[in-house]
Amino acid sequence: MTTHYTGTLQKMRSEADNTNNVHYALPIGEDSVNINALIGKHITLTYHGEINCIHCDRKTNKSFNQGYCYPCLISLAQCDSCIIKPEKCHYHEGTCREPEWGETHCFNEHFVYLANTGTVKVGITRQVTEGVSTRWIDQGATQATIMLRVPDRLTSGLVETLCKDHIADKTNWRTMLKGQPEQVDLEQVKAQLMEKISAQLNVLKQEKGLQAVSEVNATTHHIHYPVESYPVKIKSLNLDKTPSFSGVLNGVKGQYWLLDEDRVINIRKFAGYRVTLSV
């Protein structure tokens, strides 16, 4: 018996249980599909040639920034360049696209973290220190720990910039998908990094206030993904070029499906696409 789910695709929702095993649900239209339950099964995903903006729902011929139409791309604060580079926040200049959105999302506690996504990287998240951040899951991190707490997004970006001189701030998705990476002593990496940025961090504290940046004594989380086998030679699928594909789902990591024949697809990239998932 084949089951069909049809509707607008959204990024997978994820959460980690109390043993840090990741569980995924895929919103398609009005349905929420348990993706973990599909691992090992034969699936077909078909794109119907329609795209709707994930913010305003208007039809668009092209998706921008993982699901937005062009008018939303150039008007929403959440699509501004400072979301990718928070150190370039311009709220204080009076030029924020949506000041109320900025006040809600940017003027609250942020955390600078270290994560192992195949290589060790630095990043920022708004989520609290307890439990596993969905930010880490989306990046396919197998280990992660909080390093610093700061009062706002701008400060988190400034601290991240100090770290980028010594450590990567991007995830190499191909490296992330090639298998289970070797364990890293993130506490040791944290101590070494803190020593390297200490002088510049003290200058930032003088500007922002001595309590603006505080070190967090956090444990390292070990995150486990539902993967039966990893690709050997990665072949990336694109719904614009391959509007329909079938195969056995071997696993999920980050926002990627891992299929047989070494194929992978970034589901988040195609948010807003109208599709049918057949199981």
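The values are calculated or read from the model by the stated rules, or taken from the named source; none is laboratory data. Note that the structure is predicted; figures quoted are calculated from it, not measured. Because the Cβ atoms are built from the backbone with ideal geometry, glycine has one as well, and the counts that use them run over all protein chains shown.
Of note:
- For the range 36-55, residues that are under 13 Å from residue 271 (Cα atoms) and not in a strand (DSSP E or B) total 3.
- Looking across the range 247-275, the residues that are in a strand (DSSP E or B) and either more than 16 Å from residue 176 (Cβ to Cβ) or out of contact with any helix residue (DSSP H, G or I) (no Cβ under 8 Å at 6 or more places or on another chain) (or both) come down to 247, 248, 249, 250, 251, 259, 263, 265, 273, 274, 275.
- The range 204-241, residues that are over 26 Å from residue 140 (Cβ atoms) and not charged (D, E, K, R): 204, 206, 209, 210, 211, 212, 213, 214
- Every residue from the range 178-194 that is in contact with a strand residue (DSSP E or B) (Cβ under 6 Å, 6 or more places away or on another chain) and assigned to a helix (DSSP H, G or I): 186, 189, 190
- Conditions (1) among the aliphatic types (A, V, I, L, M); (2) surrounded by fewer than 19 Cβ atoms within 10 Å (Cβ to Cβ); (3) at pLDDT 95 or above; number of the one not met by residue 84: (3)
- Count - residues of the range 122-173 that are more than 28 Å from residue 19 (Cβ to Cβ) and among the basic types (Lys, Arg): 3
- Filter pass, residue 228 being among the charged types (D, E, K, R) and without any contact (Cβ under 8 Å) to a residue 24 or more places away in the chain: no
- Residue 202 of a type outside the set (A, V, I, L, M, F, W, C), assigned by TED's automatic domain parsing to the domain that holds residue 134 and not in a strand (DSSP E or B): yes
- Search result, residues across the range 59-117 that are basic (Lys, Arg) and either touching a Lys or Arg at 6+ places or on another chain (Cβ under 9 Å) or over 30 Å from residue 180 (Cα atoms) (or both): 59, 62, 88, 97
- Scanning the range 166-214 for residues that are farther than 30 Å from residue 255 by Cα, charged (D, E, K, R) and modelled with pLDDT under 95 returns 205, 207, 208.
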